[in-house]
1. At pLDDT below 90, in a helix (DSSP H, G or I) and either under 16 Å from the mean Cα position of the chain (by Cα) or not charged (D, E, K, R) (or both), is that true of Thr137?
2. Scan the stretch 61-85 for residues that are outside any helix (DSSP H, G or I) and either under 18 Å from Ile43 (Cα atoms) or modelled with pLDDT of 90 or more (or both) and jot them down.
3. Among the residues of the stretch 73-111, which ones are under 15 Å from Ala13 (Cα atoms) and not basic (Lys, Arg)?
4. Could you list, in sequence order, the residues of the stretch 116-134 that are part of a strand (DSSP E or B), of a type outside the set (Val, Ile, Thr) and farther than 21 Å from Ser25 by Cα?
5. Here's a check for you: in the stretch 46-75, which residue that is out of contact with any strand residue (DSSP E or B) (no Cβ under 9 Å at 6 or more places or on another chain), of a type outside the set (Phe, Trp, Tyr) and within 21 Å of Tyr16 (Cα to Cα) is surrounded by the most Cβ atoms within 10 Å (Cβ to Cβ)?
6. Within the stretch 19-36, track down each residue that is in contact (Cβ under 8 Å) with a residue 60 or more places away in the chain and either surrounded by fewer than 15 Cβ atoms within 10 Å (Cβ to Cβ) or not in a helix (DSSP H, G or I) (or both).
7. Which of the residues spanning the stretch 9-18 are surrounded by 15 or more Cβ atoms within 10 Å (Cβ to Cβ) and either in a loop (DSSP other than H, G, I, E, B) or at pLDDT below 90 (or both)?
8. Give the number of residues within the stretch 86-115 that are under 28 Å from Asn24 (Cβ atoms), in a helix (DSSP H, G or I) and among the aliphatic types (A, V, I, L, M).
Amino acid sequence: MSTYPIKDLSITAERYKLYTLMCNSNELADKIAFVKSQNINVINIGKELAAYIDGLDDFRYLNIDVYDFTKKLLDKHKSKINGEGNDVVAIYNLGILMEPALELNAVQLFKEFSKSTSLIIIWDNQSDIPDRLDWPTQKQKFFLDFSDTQLKKLQYAI
């Protein structure tokens, strides 16, 4: 993973504008506060999707409903840093996206979204493989593989 300063998010012209801000679980709150201090909206995907799914009356098209809701949620929260350049949004708590019942391809969703908006994934696990985000207890079963797009690493500095 290459490392980039957060100010470069709004000026990048790359095809996929996918970034990660790595941290340990005890640093998550500080990283979220840092991203918010940069005028970037931060979404707790797990919380938002769980509330949305809980309110559904019909689960026949759950995967389509969740996919559409997630896209709308990301679009609703994207904004420009200081009113200039690319739109930017940050997300965290992505585990719900790996639920088999949802049948989502989260990587494809994020890749498509990142063509028009810089997407920051605040990841509170350490990853041994570049461009792959996994959960330490289930590395082989559940992971997000961005190896065909390059996941750029953000520098963290206050």
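The values are calculated or read from the model by the stated rules, or taken from the named source; none is laboratory data. Note that the structure is a prediction, hence the values are computed from the model and not measured. Heads up, the Cβs are rebuilt from the backbone with ideal geometry, glycines too, and the neighbour counts pull from every protein chain shown.
1. On the way: at pLDDT below 90: yes; in a helix (DSSP H, G or I): yes; either under 16 Å from the mean Cα position of the chain (by Cα) or not charged (D, E, K, R) (or both): yes.
Criteria met by Thr137.
2. Of the residues in the stretch 61-85, the ones outside any helix (DSSP H, G or I) are 61, 78-85.
Answer for the stretch 61-85, where residues must be outside any helix (DSSP H, G or I) and either under 18 Å from Ile43 (Cα atoms) or modelled with pLDDT of 90 or more (or both): Tyr61, Lys78, Ser79, Lys80, Ile81.
3. We begin by selecting, within the stretch 73-111, every residue under 15 Å from Ala13 (Cα atoms); these are 80, 84-88, 111.
Correct list: Glu84, Gly85, Asn86, Asp87, Val88.
4. Taking the stretch 116-134 first, the residues part of a strand (DSSP E or B) are 117-123, 132-134.
Still in the running and of a type outside the set (Val, Ile, Thr): 118-119, 123, 132-134.
Correct list: Ser118 only.
5. We begin by selecting, within the stretch 46-75, every residue out of contact with any strand residue (DSSP E or B) (no Cβ under 9 Å at 6 or more places or on another chain); these are 47-72.
With of a type outside the set (Phe, Trp, Tyr) added as a condition, the list becomes 47-51, 53-58, 60, 62-66, 68, 70-72.
Those still in the list that are within 21 Å of Tyr16 (Cα to Cα) too: 68, 70-72.
Values: Asp68: 11, Thr70: 24, Lys71: 13, Lys72: 11.
Out of the qualifying residues, it is Thr70.
6. Initially, the stretch 19-36 is screened for residues in contact (Cβ under 8 Å) with a residue 60 or more places away in the chain, giving 19-25, 27-28, 31-32, 34-35.
The answer is Tyr19, Thr20, Leu21, Met22, Cys23, Asn24, Ser25.
7. So the first thing to find is which residues in the stretch 9-18 are surrounded by 15 or more Cβ atoms within 10 Å (Cβ to Cβ), and the list is 9-10, 12, 16-18.
Passing the criteria: Leu9, Ser10, Thr12, Tyr16, Lys17.
8. 7
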